[in-house]
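In what follows, a single structure is set out as structure tokens and then discussed.
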Amino acid sequence: MTSITILVPVYNERAFIDGLLASIAGFLCPSFAISEVIFVDGLSDDGTRERILWAAKGDDRIQLLDNPARFQSSGLNLALKVARGDFIVRLDAHSIYPGDYLARSVETCLRTGCDNAGGIVETLTRVESYQAALVQALITHKFGVGNSGFRTSAAEGPADTVPYGCFRRTVFERVGLFDERLKRAQDYEMNRRILAAGGIIWRNPQIRVSYFALPDFHSFIVKQMTAEAPYNAYMWYLAPYSFALRHGVTAVFAAGVISGLVFSFVSTAVRGIFVATMVLYAVLAFLSSVQQAVRFSKARHMLFLPIAFFLYHFLHGTGVIAGLVRLATGTAPVQKRKEPWDGAGRFRAWPLPIGSRTTA
């Protein structure tokens, strides 16, 4: 019988852990078995560990491993080294999953022959507040996140990435483990590495997961500017094949806004182009905001969402530029460690042909 290992990196997830445990307990397994559920904890001190250990008393499949480094990539690698399942299903603690989540994920892998399968994220608000609703509207429209298909309900077919993922265990023997130099973007790099090695990533919109977004706009923007955006640049440096236009377009936008403002003072032609471009951006942002206002029945989106779009695009772009500057000056954190994981023996992540193996 096909066996499944569930991997869940956690750190201080007390607000979400009970919902996650309920999702795992409710998974329907008609033609396969969950051999183990491995929680990898970054030494939580909010009661998360206690809830997991309590659940383990009634379910001997549940294991708890310590992840002193606290980063998801290191935690996932710790779990992968002991995982026994034919398929590795990675779950996120900030999400809840329907009962058919595992069955649809495994069925998709078996039906398509892909190396990793995933679906669509339904973005939910953590709290009842307008700022939470603003974040939800921002990251569920193509104007906000571009062609990020798993956020905007793209059709079934090959993809460059999927959320979380249901991996064939053998894929890690072919392409290696997660790059532990990447505190962010390690999932995307892994998926692009699989593609570079000739593998297949498959998106099935019938595989659905509900994700709780950050509760306020300030937290969201700070995370994007200081964490997510710089690590886009670091990822390109470590794995050039992982470059995606949607990750780089905000840097072009931010550079254009800054240079346009500066050179508008010295060139009438530049000023005209800059003003026309910003007017076009404002029109597109407003029209997108009207769509989201109708979708979520929140008229305020027509006023505040255009501003949120601009701040997100501009500040994310400046974060990418800051990451590139740190790389150019040799001060990026990813440049301090030579190996993507201990024993890998390589400076960069890399594409490998199907059938080759790495030290894992």
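The values are calculated or read from the model by the stated rules, or taken from the named source; none is laboratory data. Predicted model only: the values in this text are computed from it and were never measured. Positions of Cβ are backbone-derived with ideal geometry, glycine not excepted, and every protein chain shown enters the neighbour counts. These area figures cover heavy atoms from the full protein model, side chains too; ligands, DNA and RNA do not enter into them. Shrake-Rupley method; radii C 1.70, N 1.55, O 1.52, S 1.80 Å.
Please verify whether D92 is surrounded by fewer than 18 Cβ atoms within 10 Å (Cβ to Cβ) and touching a helix residue (DSSP H, G or I) at 6+ places or on another chain (Cβ under 9 Å), treating the condition exactly as stated. Walk me through it before giving the result.
Details: surrounded by fewer than 18 Cβ atoms within 10 Å (Cβ to Cβ): no; touching a helix residue (DSSP H, G or I) at 6+ places or on another chain (Cβ under 9 Å): yes.
For D92, the condition - surrounded by fewer than 18 Cβ atoms within 10 Å (Cβ to Cβ) and touching a helix residue (DSSP H, G or I) at 6+ places or on another chain (Cβ under 9 Å) - is not met.
Being touching a residue at least 40 places away in the same chain (Cβ under 8 Å), open to solvent by 40 Å² or more (accessible area, probe 1.4 Å) and closer than 18 Å to K142 by Cα, is that true of even one residue in segment 273-282?
Here is the first cut: in segment 273-282, the ones touching a residue at least 40 places away in the same chain (Cβ under 8 Å) are none.
Checking segment 273-282: not a single residue is touching a residue at least 40 places away in the same chain (Cβ under 8 Å), open to solvent by 40 Å² or more (accessible area, probe 1.4 Å) and closer than 18 Å to K142 by Cα.
Given the residues L43, L53, which is the only one that is assigned to a loop (DSSP other than H, G, I, E, B), more than 26 Å from E122 (Cα to Cα) and open to solvent by 10 Å² or more (accessible area, probe 1.4 Å)? So that I can check it myself, show each step before the final result.
Values: L53 fails: assigned to a loop (DSSP other than H, G, I, E, B).
Residue meeting the stated conditions: L43.
Kindly indicate whether F27 is at negative phi and either surrounded by fewer than 16 Cβ atoms within 10 Å (Cβ to Cβ) or not in a loop (DSSP other than H, G, I, E, B) (or both). Walk me through how you get there before you give the answer.
On the way: at negative phi: yes; either surrounded by fewer than 16 Cβ atoms within 10 Å (Cβ to Cβ) or not in a loop (DSSP other than H, G, I, E, B) (or both): no.
Considered against the rule, which asks whether it is at negative phi and either surrounded by fewer than 16 Cβ atoms within 10 Å (Cβ to Cβ) or not in a loop (DSSP other than H, G, I, E, B) (or both), F27 comes out as no.
Can you tell me which condition R184 does not meet? The list is (1) in contact with a Leu (Cβ under 9 Å, 6 or more places away or on another chain); (2) surrounded by 18 or more Cβ atoms within 10 Å (Cβ to Cβ); (3) under 23 Å from M225 (Cβ atoms), and all the others hold.
Condition not satisfied by R184: (1).
Just name the residue that is nearest to F304 (Cα to Cα) out of those in segment 203-253 that are of a type in the set (S, T, N, Q) and part of a helix (DSSP H, G or I). Spell out how you get there, then give the answer.
Within segment 203-253, the first condition is being of a type in the set (S, T, N, Q), and the residues that meet it are 204, 206, 210, 219, 224, 226, 232, 242, 250.
Next, from what is left, pick out any that are part of a helix (DSSP H, G or I): 219, 224, 226, 232, 242, 250.
Working: S219: 17, Q224: 19, T226: 23, N232: 27, S242: 33, T250: 20 Å.
Going through the qualifying residues, I end up with S219.
List every residue pair whose Cβ atoms lie under 6 Å apart, where the two residues are 6 or more positions apart in sequence or sit on different chains, the first residue falls within segment 46-59 and is more than 18 Å from L7 (Cβ to Cβ), and the second residue, located anywhere, is open to solvent by 50 Å² or more (accessible area, probe 1.4 Å).
If the second residue must be open to solvent by 50 Å² or more (accessible area, probe 1.4 Å), the pairs left are D46/N12; D46/R14; G47/R14.
Kindly establish whether L102 is within 25 Å of L284 (Cβ to Cβ), open to solvent by less than 20 Å² (accessible area, probe 1.4 Å) and not β-branched (V, I, T). Quick ask: steps written out before the conclusion?
On the way: within 25 Å of L284 (Cβ to Cβ): no; open to solvent by less than 20 Å² (accessible area, probe 1.4 Å): yes; not β-branched (V, I, T): yes.
No.
Determine, yes or no, whether V262 is within 28 Å of T125 (Cβ to Cβ) and either hydrophobic (A, V, I, L, M, F, W, C) or in a helix (DSSP H, G or I) (or both).
Values: within 28 Å of T125 (Cβ to Cβ): no; either hydrophobic (A, V, I, L, M, F, W, C) or in a helix (DSSP H, G or I) (or both): yes.
The answer is no for V262.
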